[in-house]
1. If only one of Thr439, Thr414 is more than 14 Å from Leu467 (Cβ to Cβ), β-branched (Val, Ile, Thr), modelled with pLDDT of 80 or more and within 45 Å of the chain's Cα centre (by Cα), which one is it?
2. Assigned to a strand (DSSP E or B) and open to solvent by 20 Å² or more (accessible area, probe 1.4 Å): is that true of His144 in this structure?
3. I'd like the full set of residues that are part of a loop (DSSP other than H, G, I, E, B) and free of Cβ contacts under 8 Å to residues at least 40 places away in the same chain, limited to the stretch 203-251.
4. Among the residues of the stretch 427-480, count how many are within 16 Å of Asp401 (Cα to Cα), part of a loop (DSSP other than H, G, I, E, B), open to solvent by less than 70 Å² (accessible area, probe 1.4 Å) and charged (D, E, K, R).
5. All but one of (1) of a type outside the set (Ser, Thr, Tyr); (2) farther than 25 Å from Thr321 by Cβ; (3) modelled with pLDDT of 95 or more hold for Arg146; state the number of the condition that does not hold.
6. Only one of (1) under 32 Å from the mean Cα position of the chain (by Cα); (2) farther than 27 Å from Leu34 by Cβ fails for Leu118. Which number is that?
7. Taking the condition of being modelled with pLDDT of 90 or more and open to solvent by 20 Å² or more (accessible area, probe 1.4 Å), how many residues in the stretch 268-295 meet it?
Amino acid sequence: MTDLDLPAPPGTLDEALDQARKVADAVLFEGYVLYPYRASSAKNRLRWQFGVLVPPSCTAEGGEYAEQRTDVLLEPRTADRLHAELRFLHVRRRTVERLDPDGTYTEVTELELPDRVLVPWDEGHEERVRLHAPLAELTGEQAHTRTVTFDLPPAVDHEPVLDGEGLTLGRLVRRRARLTGEIRPYVEQLPGPYRVSRLTVTVHNTTEAPPGDRTAALPHSMIGTHLLLAAEGGRFLSLTDPPEWARPAVALLRNEHTWPVQAGPADREDLVLSSPIILEDHPVLAEESPGPLYDATEIDEILSLRTAALTEREKREARGTDERAAEVIDLVDSMPDAVRERLHGAIRGLREATEPPGPPAEPPGPPAAPGLTLPEGPGHPWWDPQQDPEAADAPTTIPLDGVAVGRGSRVLLTPGARRTDAQDTFLRGCRATVEAVVTDLDGELHLAVVLDDDPGGDIRRGQGRFLYFKPDEVAPLREEEP
């Protein structure tokens, strides 16, 4: 980790920043390596979806950008300094080389070891750049003197690959390209009766690189770019739910390629996380999560079960793809059943019982219209208009092309007569069986059907989950028709 730093702020702010960094870590590595965690997976051939700042010469390729701008409102109060921490990943392009009998190294597509299969891969190395500056020096003409620039020079590292007996089998070669950038903070006090300032922090990728496609630009790019901002003793206003008096000022803010929210403990207002992913104020990690699984927005329980089902060969390749992928495999393989069960779901809100416990109540059934008796057994929607007293005259059959179509009739689906849902379009030409003729609350007739070749048709009938079409979207099907 390259850490360009001045002395860190002391006291409780450090503890709050540590809590905010846990969420920031999830932002930094979101989508880092996707299930099934192997370099050969098609999902892992297009990576780094969030917060990518490319060199200015590469912005025309792939729709990426070179700058990120954060605008927030700050009530300085007793705060006199701004603490900013820029965090991002820097690509290290890794290749695999085999040691030949003559002592030379040859680049290969894979190198098999007993516990892993090493393959070429782009690793993400975390970088941090910190800024600590008096707020008074971030205003007016003097603000440019507080611009922080950084330069990460190119480098090549070699890591030997050893077998169980300590003999060298090959090596990993990691190449890092040059990456330069800058952070520009600026504070402007807004006019009006309220002592509130607009804090603007822009992050630029200033790397001089030849124009090229996204693959060529990534080694010179800042990935997962986000900012942590702190003004101890001050107050950052929420942009999601600002005070009423601050709404006009919030509407004039300009955030580009980032989403700032209040961060850290819920009782603090002096921290902001400016993230390339949309978050809520004071975001936290789920207590049930056993560890980072990296696959963007996927559910931990599903990922854990699928990862546990990988073959041993697939797990070996995942371990050889990236150290973080190896940690996921080891985490899932060693996960106790009790931890796995916690992933199934959680109740976030409970209220205290004010009455002594009584006999267990019957589970609530589906809602019913007044005077409506729900039919028993399968094959009925949760609400049957035919039994609604207000719809006593609803028909049980409707005429289509001279044929009375009702429950049990077989029909051909012909959606498309009007603006049709895309999913309905896929069913054009399919055969179905009518389960009910129903009337909606507007008095329009519909046919509830189940597809004849639906393998889950019995389940649909049992649960009353049908597909609904208007009469002009079906045609009666005579048994003699092929």
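1. Values: Thr414 fails: more than 14 Å from Leu467 (Cβ to Cβ).
Thr439 is the lone residue from the list that is more than 14 Å from Leu467 (Cβ to Cβ), β-branched (Val, Ile, Thr), modelled with pLDDT of 80 or more and within 45 Å of the chain's Cα centre (by Cα).
2. On the way: assigned to a strand (DSSP E or B): no; open to solvent by 20 Å² or more (accessible area, probe 1.4 Å): yes.
For His144, the condition - assigned to a strand (DSSP E or B) and open to solvent by 20 Å² or more (accessible area, probe 1.4 Å) - is not met.
3. Initially, the stretch 203-251 is screened for residues part of a loop (DSSP other than H, G, I, E, B), giving 206-213, 221, 231-234, 237-243.
Hit for the stretch 203-251 is Pro243, nothing else.
4. 1
5. Only one criterion in (1) of a type outside the set (Ser, Thr, Tyr); (2) farther than 25 Å from Thr321 by Cβ; (3) modelled with pLDDT of 95 or more is unmet by Arg146, namely (3).
6. (2)
7. Initial filter on the stretch 268-295 (modelled with pLDDT of 90 or more): 268-283.
Narrowing the set further to residues that are open to solvent by 20 Å² or more (accessible area, probe 1.4 Å) leaves 268-269, 276-282.
Counting residues in the stretch 268-295 that are modelled with pLDDT of 90 or more and open to solvent by 20 Å² or more (accessible area, probe 1.4 Å) gives 9.
For (1) of a type in the set (Phe, Trp, Tyr); (2) assigned to a strand (DSSP E or B); (3) at positive phi, each residue gets a yes or a no:
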site	(1), (2), (3)
Arg198	no, yes, no
Val201	no, yes, no
Gly264	no, no, yes
Leu273	no, yes, no
Glu280	no, no, no
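The values are calculated or read from the model by the stated rules, or taken from the named source; none is laboratory data. Keep in mind the model is a prediction, meaning the values are calculated, not measured. FYI the Cβ positions are ideal-geometry reconstructions off the backbone, even for glycines, and counts take in every protein chain you see. Just so you know, the surface numbers come from the protein's heavy atoms only, side chains and all, with ligands and any DNA or RNA stripped out. Shrake-Rupley method; radii C 1.70, N 1.55, O 1.52, S 1.80 Å.
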